[in-house]
Amino acid sequence: MNATPAQSARPTPGEDDLDAITRATLRHYDHHAAGFREGTQDHDVSQNIDALLDAISGKPPYRILDFGCGPGRDLRRFIALGHEPVGLDGSGAFAAMARQSAGCEVWLQNFLALDLPAAHFDGVFANASLFHVPARALPRVLRELRETLKPGGVLFASNPRGDNREGWSGQRYGCYHDWTGWRAFVTAAGLKEVRHYYRPTGLPRAQQPWLASVWRRGEDA
């Protein structure tokens, strides 16, 4: 999933609002799935894929969870590189597209109601997806992603950066973290920082709307 960094200010959601927020965001993606696929199929995220794969130790092929796989663009890339990806998305339209496009296993799961195998994946690739998780639910979701990683496994995340506000961008809900805020969430979930960077590369910081980061589950976890 994906969205632009612009957002409108609204109160932080309570638990009673979380399901409604998720349903509205997923309904938007279901209704605009074909247009989203056309608009993003040529996006080059090879830097992000490389950042994940370079941080994973051990002998490939790697088991990769593409968290928020959308229509399947990055699943195809992982397969082409010889890895064993599984897609996950909360949008039924995206999950169907990804299965047809990539020909691999794709799980239809709401980000706020995950059912993930323990210590199963070498890497989790969360490219433009975790920012859709309301801040109140983020600690739990990050812990669940940590637990689905093998000890020593790697989480990659890329999110549109902001000033730690959350709210609506049209019909999609998002949280827009700065580095300090994002780091606090992920380290509290028990993951160790490997590196972070801003995208697109080579531009002034004001023209780099994306914050990318790489994290590792401890070997002794």
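The values are calculated or read from the model by the stated rules, or taken from the named source; none is laboratory data. All of these numbers come straight from a predicted model, not from anything done at the bench. Note that we place each Cβ from the backbone using ideal geometry, even for glycine, and neighbour counts take in every protein chain shown. The accessibility values were calculated without ligands, DNA or RNA, using every heavy atom of the protein model including side chains. Shrake-Rupley method; radii C 1.70, N 1.55, O 1.52, S 1.80 Å.
Points to keep in mind about this one:
- Accessible surface area normalised per residue over segment 74-185 is 36 Å², counting heavy atoms of protein chains with a 1.4 Å rolling probe.
- The listed residues E38, E166 rank as E38, E166 when sorted by accessible area, largest first, using a 1.4 Å probe.
- Accessible surface comparison of T180, T187, probe 1.4 Å, protein chains only, largest first: the order is T180, T187.
- On the principal axes of its alpha-carbon atoms, segment 146-221 has extents of 40, 31, 18 Å, going from largest to smallest.
- Exposure rank, largest accessible area first [K150, K192; 1.4 Å]: K192, K150
- Sulfur and carbon atoms: percent of accessible area, the chain [1.4 Å]: 48 percent
- At full extension, Y197 and R165 could sit 9.5 nm farther apart than now, given 0.36 nm per residue minus the alpha carbon distance.
- A crude spin-label estimate for the pair R27 and E84, with each label 7 Å from Cα along the Cβ direction, gives 4.0 nm.
- For the chain, the spherically averaged projection of the C-alpha convex hull amounts to 11.2 nm².
- Residue-averaged [θ]222 nm for the chain, counting only DSSP H segments that reach four residues, each worth -39500 (n - 2.57): -10000 deg cm²/dmol
- Site pair D42 and R143 shows an inter-label distance of 4.5 nm when each label is modelled 7 Å from Cα along Cα→Cβ.
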